[in-house]
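All remarks here apply to the structure that follows.
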């Protein structure tokens, strides 16, 4: 029976890092090796193991050859299976389901990275994501972990981060030219809407809530086309929007706490605590 050389998973991991980060320098940082060590690894993979070119090099720019694209698909599958084997055999208790609740804005901004990293490390754990406003999530008792926004001084859980609310508009939109300021806000269950309206009332600035939605994507779509102004946490700013404030005759808004709550009156399982750690790290980014 013919024998074929094996491919070290370290070589595949480095190869995937180069493909993901667009070059040897950044990949070296990700895999915690020197750039010369990464280059030697890829030389070995190309010349000794596979005997084909995997990269096209133009100066400092690196791209995959057709053979490289083929290998990348296999590499991702092999690394996923490799991780699954270790997690299953070394941590057989890490199998099950965890339920998490979060407002729509955090699902879009923070959770994709958290879920991706967690699924890669613990592929046998199923994560259920329930997306609702903070006020509704606080009324539920069936969720293992809940991410909510709270007013300063009313914190009841583990603080993930504290941020200020800011006014956001589309590039080129001039709110000071609007006789009546059009707002795009979350529904009435969101206290940030109350904060924004109260601040405008104190300033005696005329406004109307022109657009409401439970979806951050819908609100951003309205605001990015120059139809309205919104007030959101600073981390939710997108490239097509800009922050405005007192220079545009808008009042300053308070800060808020993003918190992680655990299911009350229940002992947390290793799965829940493990996922909670991933959430904490994800909200630092």
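Overview of results
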read-out	value
Filter result for residue 144 (at pLDDT 85 or above and at negative phi)	yes
Selection count where residues are over 24 Å from residue 5 (Cβ atoms) and either modelled with pLDDT of 90 or more or part of a helix (DSSP H, G or I) (or both), scope region 22-55	6
Subset of region 227-244 (residues that are in contact with a strand residue (DSSP E or B) (Cβ under 7 Å, 6 or more places away or on another chain), more than 22 Å from residue 134 (Cβ to Cβ) and either surrounded by fewer than 18 Cβ atoms within 10 Å (Cβ to Cβ) or not assigned by TED's automatic domain parsing to the domain that holds residue 176 (or both))	227, 240, 242, 243
Filtered residue count, region 106-127, keeping only those that are within 16 Å of residue 260 (Cβ to Cβ) and touching a residue at least 24 places away in the same chain (Cβ under 8 Å)	9
Helices (runs of 4 or more DSSP H) enclosed by region 98-161 - at least 3 residues per element that are farther than 17 Å from residue 284 by Cα and out of contact with any strand residue (DSSP E or B) (no Cβ under 7 Å at 6 or more places or on another chain)	111-121
Test for residue 19: is it in contact with a strand residue (DSSP E or B) (Cβ under 9 Å, 6 or more places away or on another chain), modelled with pLDDT of 85 or more and in a helix (DSSP H, G or I)	yes
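The values are calculated or read from the model by the stated rules, or taken from the named source; none is laboratory data. Fair warning: this is a prediction, and the values are worked out from it, not measured in the lab. Heads up, the Cβs are rebuilt from the backbone with ideal geometry, glycines too, and the neighbour counts pull from every protein chain shown.
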